[in-house]
Structure formats: C-alpha cells, structure tokens
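The values are calculated or read from the model by the stated rules, or taken from the named source; none is laboratory data. Only a predicted model underlies this, so the values are computations on that prediction, with no experimental measurement involved. Here Cβ is always computed from backbone atoms with ideal geometry, including for glycine, and neighbour counts include all displayed protein chains. In case anyone asks, the SASA skips ligands and DNA or RNA and just uses the protein heavy atoms, side chains included. Shrake-Rupley method; radii C 1.70, N 1.55, O 1.52, S 1.80 Å.
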Amino acid sequence: MSNLLKYDFYKLIRSKSFYICTILSLFISVLTVYLSGAFYNGTGYNLFKPYDSLMGISDGLVSSVLLIIIAIVIFIPSDFSFGTIKNMISSGASRVNIYLSKLIVSCAMVFSYLLVNMIFCGIAGAIMGEVGEYTRDTYLTLLKTFGYTFLVVIALVSICVMISFLIKKKSIVIRFK
C-alpha cells in the first residue's frame, strides 16, 4: 500500500493538470472574492460590519470545487489509459488497495486545494475590505467552514473516483460528473 501511495503522490506532483487546475481555481476564487467584495461594498449591505477576510474565505472557498473534480477526473483514469493498472495488479497489488490509494491521494489533493484556496481568499478578502478581528469564535467559524466544505467535496470526489474506476475513460467520466 505504501508503494502505491508513493507512486500516486509522485504521479500527482509530476502532472501538469494538477498545477493548471490549481492556478485556475485560485484565479476563480480570488475573482469571486473580488466581485462579492465589490458588490458588498458598493451596495448598502455593509451597515453593520465591513467586508473582511473571513467573509472572503467563506465566499471564495466553494467556488473552485468544479476544478478540483476535473483535476481528479483527469488524474485517475490516466492509469487505465496508460496501462499501469494492469502492471500494478500483475505485481500483486489488490484492487481494493489500488482504489484506496487513489481515494487517499484524491482526499489529500482536495485538502491541499482547499487550504491554498482558503489562504488566497483570505488575502483577497483582506485586500477588498479589512483583515478583521480574529477571536476564538472566528477561528471556530473558520474551522467549521473548512471542515464542512472538505466533507462535501470529499463526498463528491468519492463518487467521481468510483465512477472513474467503473468507466475508466476521461471523456465519459467528465460527462457524468
């Protein structure tokens, strides 16, 4: 299992689609924060508190879920098209271990995407408004937002991993998501 995880992480770090989807998701998230901050500051909704980095994080965190799923859908079926799954199975790895390895790497990918997105959205929210006051309640709210988003995206990703393993083609899996 550890060799499968090492291979999958190596393949993930070497893939161009991971970095391209990361840059696009950061762009979309920061654009979402910019537009929502401009709308919030431009209208009369800011009577009680100004736009801050916590609002930017909650606005921009969910906006890149589609690109996370696209990166995973590109990542998993490529082993089937290149024939490396046959080599893994012939070397003695079980199908369950291969599936769990892909799922663990996909969960790590989602965690890294959301963490980087959260940092960039917080910076963009601070630029659009103010940093805000970070208290214990603010950190708990931030942790809840990240946790709920992570759980929802993991549920979507696990369905996409399952469909990717069943269908084994990139173009068909992208249509099903």
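Per-residue answers, yes or no, for (1) at pLDDT below 85; (2) small (Gly, Ala, Ser); (3) within 12 Å of Val73 (Cα to Cα); (4) open to solvent by 20 Å² or more (accessible area, probe 1.4 Å):
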| position | (1), (2), (3), (4) |
| --- | --- |
| Lys102 | no, no, yes, no |
| Val105 | no, no, no, no |
| Ala126 | yes, yes, no, yes |
| Tyr134 | yes, no, no, yes |
| Asp137 | no, no, no, yes |
| Ile163 | yes, no, yes, yes |
| Lys170 | yes, no, yes, yes |
| Val173 | yes, no, yes, no |
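Looking across the stretch 111-124 at every residue that is of a type in the set (A, V, I, L, M) and in contact (Cβ under 8 Å) with a residue 60 or more places away in the chain, the one that is least open to solvent (accessible area, probe 1.4 Å) is identified as Ala124. Does at least one position in the stretch 3-11 carry a residue that is surrounded by fewer than 19 Cβ atoms within 10 Å (Cβ to Cβ) and in a loop (DSSP other than H, G, I, E, B)? No, the stretch 3-11 contains no residue that is surrounded by fewer than 19 Cβ atoms within 10 Å (Cβ to Cβ) and in a loop (DSSP other than H, G, I, E, B). Would you say Ile104 is assigned to a helix (DSSP H, G or I), within 23 Å of the chain's Cα centre (by Cα), touching a residue at least 40 places away in the same chain (Cβ under 8 Å) and at negative phi? It is true that Ile104 is assigned to a helix (DSSP H, G or I), within 23 Å of the chain's Cα centre (by Cα), touching a residue at least 40 places away in the same chain (Cβ under 8 Å) and at negative phi.
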